[in-house]
Amino acid sequence: MSLSICFRPFPSCPQTHTRIRLRPLGPTISKLTKLPNLPTIRSVLENSDHPSVAPAEPRWEKLLSTAASLYPLYVTAGAVVACFRPSTFSWFVKRSPASYTLSLGFIMLVMGLTLELRDLLNLFIQRPLSILFGCVAQYTIMPTFGFIISKSLGLSPSLSVGLILLGCCPGGTASNVVTLIAQGDVPLSVVMTVCTTLGAVFLTPILTKILAGTFVPVDAIGLSISTLQVVVTPILLGSYVQSTFPSAVKVVTPFAPLLAVLASSLLACSVFSENVVRLKSSMVGASLSPDLSPLQFVQAILSGELGVIILSVFLLHFAGFFVGYISAAISGFKEPQRRAISIEVGMQNSSLGVVLATSHFTSPMVALPPAMSAVIMNIMGSSLGFFWRYIDPSDSQRSPKVDDK
């Protein structure tokens with residue numbers, strides 16, 4: 001389902017609207033306003049005389065949209081199942097890496113079906129400074145902290161590469177929904193996601209080669225080709241289909257976000273289940289017995305290397321959220337932009353990390369940090385979004401601001 005949302009400023013602000021026909025995996029944004037004051041979100045279910053408000057959507061589309069927004073719940077529940085019954089996902093794991101690659105390609109195709117590159121280009125021309133700053137922050141903060149954390153915690157070479165690879169991935173589509181919840185700058189978040197995703201063809205392999213090449217050999221060219229195949233090509237194909245066959249796309253659009261969310265959850269949980277078997281047998285297998293209670297079982301798992309992996313992934317995303325916000329604040333951006341940059345930097349495309357790890361590295365442990373990220377990142381991002389939801393972003397309007405001209 002598509003939820004049409006109108007961003008309307010207070011009466012004291014000029015009414016300048018930028019139209020973007022772009023739908024991330026979550027609520028559809030049909031009108032976006034670039035204004036310095038706090039916007040109010042008007043649902044299509046409310047009575048309003050604003051001309052941009054669309055008619056109410058059918059109930060079944062609302063149910064689909066609500067189901068798609070529960071991505072953190074799906075991936076968390078799947079991780080619990082993978083921990084206790086990893087064989088549940090064996091049918092998908094046995095077909096890897098082809099199954100992983102096709103899943104990511106489908107997710108990126110959905111992203112392409114819901115955007116028009118011409119609108120993105122127009123917005124980039126209108127707001128180059130904040131978009132450029134956000135993209136630079138994405139590809140400097142997370143790769144750097146991925147390297148620092150892996151060194152500080154003394155991770156094994158395979159896990160260090162996996163954490164660095166995760167940090168070098170572009171922003172994830174879930175960040176757009178979290179930014180909306182947090183009352184952040186949604187247009188900035190959407191454009192940052194697309195720009196960093198397209199830039200991943202060159203930046204993800206190069207940065208991984210530079211930072212992780214000291215641990216294991218990194219095939220930068222192979223990573224670039226894979227990223228082009230499973231990310232950029234589906235996005236461009238989806239955008240072409242959207243512009244060429246709009247009627248057909250309109251029919252499938254209500255179902256696409258939920259299917260993409262389920263595919264992403266299946267991908268992350270399958271990789272996690274594959275490594276849980278290996279972790280239990282190699283690290284804590286001696287301390288486990290069939291008589292352990294579920295709580296004791298979890299404690300035994302976390303006391304081993306898996307606990308260190310969870311800590312490293314948590315620290316990486318925390319650094320992204322915190323340093324992303326601080327750097328945007330120091331640079332003079334307004335509060336909505338700070339929140340969007342913080343969320344965009346802190347939330348990675350963990351699915352891409354999983355696919356690249358399983359396709360180009362012999363050790364399956366490389367894929368574990370990106371797989372764990374799908375669970376930890378969404379819990380952290382959703383919590384931050386709901387925290388900011390109740391803090392008025394206009395409170396910082398008196399601070400120095402950077403405006404795009």
Counted residues, the range 155-193 - those being over 26 Å from LEU311 (Cα atoms), modelled with pLDDT under 85 and touching a Pro at 6+ places or on another chain (Cβ under 9 Å) = 3
Any residue at all in the range 71-94 that is modelled with pLDDT of 80 or more, in a loop (DSSP other than H, G, I, E, B) and of a type outside the set (Phe, Trp, Tyr)?
-> yes
Among the listed residues ALA286, ALA260, ALA248, which satisfies the condition of being at pLDDT 65 or above, over 30 Å from SER342 (Cβ atoms) and in a helix (DSSP H, G or I)?
-> ALA248
Return yes or no: is THR114 in contact with a Lys or Arg (Cβ under 8 Å, 6 or more places away or on another chain), surrounded by 14 or more Cβ atoms within 10 Å (Cβ to Cβ) and within 26 Å of SER382 (Cβ to Cβ)?
-> yes
Kindly indicate which of VAL251, VAL186, VAL230 is out of contact with any helix residue (DSSP H, G or I) (no Cβ under 9 Å at 6 or more places or on another chain) and of a type in the set (A, V, I, L, M, F, W, C).
-> VAL251
Name the pairs whose Cβ atoms lie under 7 Å apart, with the first residue in the range 190-212 and in a helix (DSSP H, G or I), the second surrounded by fewer than 19 Cβ atoms within 10 Å (Cβ to Cβ) and of a type in the set (Phe, Trp, Tyr), and 6 or more positions between them or separate chains?
-> VAL191/PHE124
Determine, yes or no, whether SER160 is more than 14 Å from the chain's Cα centre (by Cα), assigned to a helix (DSSP H, G or I) and crowded, with 20+ Cβ neighbours inside 10 Å.
-> yes
Looking at (1) surrounded by 14 or more Cβ atoms within 10 Å (Cβ to Cβ); (2) in contact (Cβ under 8 Å) with a residue 12 or more places away in the chain; (3) farther than 16 Å from SER350 by Cβ, which is the one condition that is false for PHE84?
-> (1)
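The values are calculated or read from the model by the stated rules, or taken from the named source; none is laboratory data. Quick caveat, the model's predicted, so the values are computed rather than measured. Positions of Cβ are generated from backbone atoms using ideal geometry, with glycine treated the same way; all protein chains shown enter the neighbour counts.
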